[in-house]
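Values in this text are rule-based calculations from the coordinates and carry no lab data. No experiment lies behind these values; they were computed from the predicted model shown. Methodologically, a virtual Cβ is constructed for each residue, glycine included, from the backbone with ideal geometry; neighbour enumeration extends over all protein chains shown.
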Amino acid sequence: MNQLPTRDEAWNILTKYVTTDHLQRHVLMVEGVMRHFARLYNEDEEAWGILGMLHDIDFELYPEEHLDHAPQILREEGFDEDFIHSVVSHGYGICSDTEPVSNAEKVLFAVDELTGLIYACALMRPSKSVMDLELKSVKKKFKTANFAANVNRQVIQEGAERLGMSLDDLIRETILGMRECADKIGLAGE
């Protein structure tokens, strides 16, 4: 696929393989944050968004073999090797030895885990919203190992370093990205 699908086409591809609400919500979060960062980097927002949407395409079907099956699925769906590299690189050091190189790959690596932490923080607020979530709240929970214990803080820290960003800036920009898609991910408030 020399040309990426439209967002709607990408969603149709995704939902063939990802059917659970929580995983669909996760990829929508990552898509929104990727779009936000694409604008910060003056890059292709649509391409970054589709990458964010499709990054976990094999997770529901193969959770114990995550990213082992993504290349084949994506090839069958017509994606090129550059796109596949970008998807597989988000698992670097965890379930993949494909290193993130481009800005989009580094951002995806950095925000994949972080969106889960921010989502959990937002749900703890009385508003159940990311709209009034502040950096200090996320930083406090980041330091609390048993809060959202499945979130890999080391990956988030390494992601910030790969981007040459402070952890604070990475968290702040990820919150802003999640605010932009708050309606889609159920974090706009009650």
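Using Cβ counts within 10 Å as a stand-in for footprinting exposure, how do His26, His69, His36, His90 rank, fewest first?
Ascending Cβ contact count within 10 Å gives the list His69, His26, His36, His90.
Of the residues Ile156, Ile57, Ile13, which exhibits the maximal mean-square fluctuation in a Gaussian network model of the chain defined by a 10 Å Cα contact cut-off?
Ile13
Test of understanding: in a Gaussian network model of the chain with alpha carbons linked when under 10 Å, which of Val111, Val27, Val18 would top the mean-square fluctuation ranking?
Val18
Around Gly189, which amide H atoms from residues at least 5 apart in sequence, or from another chain, sit under 5 Å from its own amide H, with H modelled in the peptide plane?
Placed amide hydrogens put Val130 under 5 Å from Gly189.
Using the 10 angstrom Cβ neighbour count as an exposure proxy, how do Ile50, Ile175 rank, fewest first? Write down the numbers at each step before the final one.
On the way: Ile50 26, Ile175 23.
Arranged by neighbour count, lowest to highest, Ile50, Ile175 become Ile175, Ile50.
Going by alpha carbons, how many degrees (0 to 90, nearest 10) lie between the helix axis of 153-163 and the longest principal axis of the chain?
Compared with the principal axis, the helix lies near 70 degrees.
Roughly what would the spin-label model give for His69 and Arg39, points 7 Å off Cα along C-beta, in nm?
Here the modelled spin labels are 3.6 nm apart.
What's the exposure ranking of Val151, Val33, Val88, going from fewest to most Cβ atoms within 10 Å?
With the sparsest Cβ surroundings first, the list reads Val151, Val88, Val33.
Setting aside same-chain residues fewer than 8 positions from Lys136, which lysines have a Cα under 21 Å from its Cα?
Lys128
Given springs between every Cα pair under 10 Å in a Gaussian network model of the chain, which of Lys136, Lys128, Lys106 has the largest fluctuation?
With Cα springs under 10 Å in the chain, the top fluctuation among Lys136, Lys128, Lys106 is at Lys136.
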